[in-house]
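Before any comments, here is the structure.
The values are calculated or read from the model by the stated rules, or taken from the named source; none is laboratory data. What you see is a predicted model; the values in this text were computed from it and never measured. We place every Cβ from the backbone using ideal geometry, glycine too, and count neighbours over all the protein chains shown.
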Amino acid sequence: MGKFGLKQILLAIIVLILLISFPWVFRKPFPQHVMILVFMFGMMAVAWNIMGGYAGMFSFGQVAFFGIGAYTSSFLLITYQVNPWVGLIIGGLIAALVGLAIGYPCSNLRGHYFAIASIAFGEIVRTLFTNWKLIGAAEGLTLPMLDESFKNFIFHSSKLPYYYIMLVFLLLSLLVCYFVATSKMGYYFRAIKESHDVAKVLGINVVWYRLIAIMISAFLTAMAGTFYAQYILYLDPDSVLILPISVQIVLISMLGGAGSILGPVIGAVILMPVSEVTRVMLGHKGTGIDMMIYGALITVISVYQPKGVWGLLTGIAKRLK
Amino acid sequence: MKSPLFLEVQRVTKRFGGLLANENIDFTVKEGEIVSIIGPNGAGKTTLFNCITGFYHPSSGKVFFRGSDISRRRADAICKMGIARTFQIVQVISDMTVLENVVTAALLRYTKVARATEKAEEVLAFTGLLEKEEALGIDLTIADKKRLEVSMALATQPTLLMLDESMAGLTRVELRGMIDLIKKIRSKGMTLVIVEHVMEAVMEISDRVIVLNSGKKIMEGVPQEVVQNKEVIQAYLGEKYSAVS
């Protein structure tokens, strides 16, 4: 985890300028929508990576945090007229608390046992929400058409504000991940990922640090959930609480490179356009073709480069030096 | 006032179902001593290690470290109190560099990574791994892995260091290096408890030797006394006293 050189800083500035100018070059809604999804899934993959890539907890239940975020802010807005920005924070906190409550009994589960428990967690939340009358049950929630403003977190005339808000969210989550990776926490997470015994023998409170990882991940994922609700303005269990979303988050992270800061974002940049474009172009021919292309990509990467695209890039960079 | 004993193991028993892995084991360690625990395979040495370091809790009996009862504490809390250990099957973080491994250990005493890195460099210079600090844990030889594991233990800044077979499977040259390292660690005032099969090393470095057989302590004494004891020789029946020479 070395310091940044001039080259890296320059590259970062160029990428940022490109991202900021993107919606001015591509003015149609579809490319902007795809980029918003890239950012949103990128953020969730970054959040997953803190838990899965660093701390070694392979979660297939991230959709529960996403759904909790989306439902909390929407429910509070509809029922109590709570501002969505406040709802975003409350949703994040509730997701973190739920993560704590679920994570604690799972604190000794490792590897595939944790993965299975996390699938169950996601499915429990989906079933619960599908039957919970207060929050719309299977019919879901429709958000009120408030006036367009940043304060209301709602925009009708253009996707631009959503684009920039989601970009800022993504950058924020990268900042959090950078802080985690380069701090004491990051080292401890990686020790826990290696083995609980090695962590304990270094004086690491394994249960506590795992819970911290879950809570950070849950909070960020819930933020993406609130964003999604404000962006689509409608949510039901079938759109925000289904297992394929969790799977997609894991695939994006793995493809991009779990355990690196930027890997998951690269994964989103590659997979989300593939997913959206194939869905739009081939979707009407029966669902599944997009998932097949997906599967093929994942297979190729995991066979030839288990460290993901990020591992591929850093490998090439090393050879060029 | 009499100062409490450094480490005191009182009638420790560990049962796994019907198996008695440790039975009423008593012994003490004074500050600055090197005490070796020997015994044939399955004698209960590693179980005893686990009972002292919090990886197991004794079924009955107590362990006192500097006067406080640690027999019910968690492993990480015991490490924080100043007992570090290594494992029989060497445990390092395989996708971290040597330096990162030791930094992770040093972070027990520091919050800032920069400060822990300074400490880690210092430890690596002491253990002679500094020139390999960029190598990944997974790429090291067994000897270097064991050396790294000792470095990690030292970086947690313990007052009691417990080594579980740190010399098994080493070549003669590597063995010499490890013995020298242990002597060097001791000269800094460290107290050591070691489980070891390599009798050559045990004879050379131990102040006292404790012999376990079938979960019980059968003998305790200075190395010379122990190797001449009939019961000990019987316990090792078939095994030569010096496994190396």
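Counting residues that are under 27 Å from A:Gly52 (Cβ atoms) and in contact (Cβ under 8 Å) with a residue 60 or more places away in the chain, which helices (runs of 4 or more DSSP H) fully inside region A:121-216 reach at least 3?
Because the criterion is at least 3 residues that are under 27 Å from A:Gly52 (Cβ atoms) and in contact (Cβ under 8 Å) with a residue 60 or more places away in the chain, the helices (runs of 4 or more DSSP H) in region A:121-216 that meet it are A:160-182, A:184-194.
Table: residues versus (1) touching a residue at least 12 places away in the same chain (Cβ under 8 Å); (2) more than 10 Å from every other protein chain (Cβ to nearest Cβ); (3) buried (at least 17 other Cβ atoms within 10 Å of the Cβ); (4) touching a Leu at 6+ places or on another chain (Cβ under 8 Å).
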| site | (1), (2), (3), (4) |
| --- | --- |
| B:Pro58 | yes, yes, yes, no |
| B:Arg72 | yes, yes, no, no |
| B:Gln88 | yes, yes, no, no |
| B:Asp95 | yes, no, no, yes |
| B:Glu100 | no, no, yes, no |
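Could you please find all residues in region A:164-192 being crowded, with 20+ Cβ neighbours inside 10 Å and either at pLDDT below 95 or more than 14 Å from chain B (Cβ to nearest Cβ) (or both)?
Once the filter is applied, which keeps residues that are crowded, with 20+ Cβ neighbours inside 10 Å and either at pLDDT below 95 or more than 14 Å from chain B (Cβ to nearest Cβ) (or both), region A:164-192 yields A:Met166, A:Leu167, A:Phe169, A:Leu170, A:Ser173, A:Cys177.
With B:Ser151, B:Ser166 as the choices, which residue is touching a helix residue (DSSP H, G or I) at 6+ places or on another chain (Cβ under 8 Å), at pLDDT 95 or above, of a type outside the set (Phe, Trp, Tyr) and under 20 Å from B:Leu140 (Cα atoms)?
Only one candidate qualifies: B:Ser151.
Any chance region B:103-114 includes a residue that's in contact with a helix residue (DSSP H, G or I) (Cβ under 7 Å, 6 or more places away or on another chain) and either more than 10 Å from every other protein chain (Cβ to nearest Cβ) or touching a residue at least 60 places away in the same chain (Cβ under 8 Å) (or both)?
no
Yes or no: A:Ser107 at pLDDT below 90, closer than 29 Å to A:Val34 by Cβ and in a loop (DSSP other than H, G, I, E, B)?
no
Need the failing condition index for A:Ser260 against (1) of a type outside the set (D, E, K, R); (2) more than 14 Å from chain B (Cβ to nearest Cβ); (3) part of a loop (DSSP other than H, G, I, E, B), just the number.
(2)
Can you tell me which residue in region A:273-321 is farthest from the chain's Cα centre (by Cα), limited to those that are charged (D, E, K, R) and either closer than 24 Å to A:Val34 by Cα or at pLDDT 80 or above (or both)?
A:Arg319
Among A:Ile261, A:Ile242, which is over 26 Å from A:Phe179 (Cβ atoms) and either in contact (Cβ under 8 Å) with a residue 60 or more places away in the chain or crowded, with 23+ Cβ neighbours inside 10 Å (or both)?
Criteria check complete, one pass: A:Ile242.
Quick check on this structure: which one of A:Leu11, A:Leu18, A:Leu37, A:Leu6 is aliphatic (A, V, I, L, M), surrounded by 11 or more Cβ atoms within 10 Å (Cβ to Cβ) and more than 28 Å from A:Phe219 (Cβ to Cβ)?
A:Leu11
Take region B:120-131 and flag every residue that is surrounded by fewer than 20 Cβ atoms within 10 Å (Cβ to Cβ) and either within 8 Å of another protein chain (Cβ to nearest Cβ) or free of Cβ contacts under 8 Å to residues at least 40 places away in the same chain (or both).
B:Glu121, B:Glu122, B:Ala125, B:Leu130, B:Glu131
Is it the case, given these coordinates, that A:Val201 is among the aliphatic types (A, V, I, L, M) and within 14 Å of chain B (Cβ to nearest Cβ)?
Yes: the conditions hold for A:Val201.
Mind listing whichever residues of region B:74-86 are free of Cβ contacts under 8 Å to residues at least 40 places away in the same chain and either more than 7 Å from chain A (Cβ to nearest Cβ) or polar (S, T, N, Q) (or both)?
Those that are free of Cβ contacts under 8 Å to residues at least 40 places away in the same chain and either more than 7 Å from chain A (Cβ to nearest Cβ) or polar (S, T, N, Q) (or both): B:Arg74, B:Ala77, B:Ile78, B:Met81.
What helices (runs of 4 or more DSSP H) completely inside region B:146-245 contain at least 3 residues that are away from chain A (no Cβ under 14 Å) and touching a residue at least 60 places away in the same chain (Cβ under 8 Å)?
Counting at least 3 such residues, we get B:172-187, B:199-205.
Checking the structure you have, find out if any residue of region B:19-33 is farther than 23 Å from B:Met167 by Cβ, without any contact (Cβ under 8 Å) to a residue 12 or more places away in the chain and out of contact with any Pro (no Cβ under 6 Å at 6 or more places or on another chain).
yes
Residues that are surrounded by fewer than 21 Cβ atoms within 10 Å (Cβ to Cβ) and β-branched (Val, Ile, Thr): does region A:220-238 have at least one?
Yes, region A:220-238 has at least one match.
In region A:200-214, is there at least one residue being closer than 18 Å to A:Phe39 by Cα, surrounded by 24 or more Cβ atoms within 10 Å (Cβ to Cβ) and either of a type in the set (A, V, I, L, M) or at pLDDT below 95 (or both)?
No, region A:200-214 contains no residue that is closer than 18 Å to A:Phe39 by Cα, surrounded by 24 or more Cβ atoms within 10 Å (Cβ to Cβ) and either of a type in the set (A, V, I, L, M) or at pLDDT below 95 (or both).
So how many residues does region B:28-65 have that are on the phi > 0 side of the Ramachandran plot and either modelled with pLDDT under 95 or of a type in the set (S, T, N, Q) (or both)?
4
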